[in-house]
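Take this structure first; my questions come after.
Please treat every number below as a calculation from the coordinates, not as lab data. Please read all numbers here as calculations on a predicted model, not as lab measurements. Using ideal geometry, Cβ is built from the backbone for each residue, glycine included, and neighbour counts are taken over all protein chains shown.
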Amino acid sequence: MTAARSRADVLRKARRRDSQQKRAKVLAIVDSMAANGQEIIMLGVARAAGVSNWLVYQPEIKEHIDKTLKGQASTTAREKVGGRATSAASLAVDLELARAEMRNLREERDKLKDVVRRNLGQQLEQASSSEAVARIQELLTANQQLEERLSAALAELQEAREKLEMTELDLDGARAGIAQMMREQSK
């Protein structure tokens, strides 16, 4: 049966695991920088690993960095003696080639942005025109319904007027009949 772990034990273990991961990441970054021939600087290692400067100065990590630096220095010295070191002219050519490639990539990026911008504009126009067509159709339907209601109301009004005229005629006839009856009785 396992004993219940306290919250502090869990936090300690998590912190220890996090610390080990950060240290392993720093060591991997140092090895990667050495393999790529990059200059190893404490601040650069800390930034590349995303850790504090304090961590790269810890004894075991600093010792690993120092060993790597010594190995890197001896390799550079051997390359210089063997004639394998990169010349300034070669580096200048590489730099110019990299700049040209960056210019080409920027131009391509700008062209692609324009294409995307145009496509989005067309999509927005199509969406807004289809919405406008739908709204127009909705308004036409509502207008048709109102016209039908107006026609029905006008028909009811005409029917009411005809009934009123008939009622007025009946009333006039009734008045005339009453007037005639009154004349006959008064005679």
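Can you put Ile178, Ile40 in order, fewest other beta carbons within 10 Å first?
Ile178, Ile40
Give me Leu55, Leu105 sorted ascending by neighbouring Cβ count inside 10 Å, so fewest comes first.
If I rank by nearby Cβ atoms, fewest first, I get Leu105, Leu55.
Write down the Å³ per residue value for the convex hull defined by the alpha carbon atoms of the chain.
Values: hull volume 78.9 nm³, N = 187.
Convex hull of Cα atoms, per residue: 422 Å³.
While we're here: Helix-only mean residue ellipticity at 222 nm, the chain, DSSP H runs n ≥ 4 weighted -39,500 (n - 2.57), per residue, nearest 500. What is it? Intermediate values should be presented prior to the final figure.
Values: 5 runs with 164 residues, N = 187.
Mean residue ellipticity, 222 nm, calculated: -32000 deg cm²/dmol.
I'd like the FRET efficiency for Leu140 and Lys163, computed as 1/(1 + (r/R0)^6) with the beta carbon distance as r and R0 of 35 Å, rounded to 0.05.
On the way: r = 35 Å, r/R0 = 1.00.
Efficiency for this residue pair is about 0.50.
Another one. What does the charge count near Leu139 come to, summing +1 for each Lys or Arg and -1 for each Asp or Glu among other residues with Cβ under 14 Å from its Cβ?
-2
Points 7 angstrom from Cα along the Cβ direction at Gln185 and Gln38: gap in nanometres?
The modelled label-to-label distance comes out at 12.4 nm.
Which of Lys25/Lys70; Lys25/Lys111; Lys22/Lys67 have a Cα-Cα distance over 31 Å?
Lys25/Lys111
Under a point spin-label approximation (7 Å from Cα along Cα-to-Cβ), what is the Leu91-Arg175 distance to one decimal in nm?
That separation, rounded to one decimal, is 12.0 nm.
Provide the FRET efficiency to the nearest 0.05 for the Arg103-Ser129 pair, computing r from the beta carbons and using R0 = 30 Å. Let's see the in-between values first.
On the way: r = 39 Å, r/R0 = 1.30.
Result of the calculation: an efficiency of 0.15.
If you average 1/r across every pair of different Cα atoms in region 10-83 and take the reciprocal, what Kirkwood value do you get, in Å?
13.2
Right, here's the next one. GNM on the chain, C-alpha springs below 10 Å: top fluctuator among Arg117, Arg106, Arg12?
Largest GNM mean-square fluctuation: Arg12.
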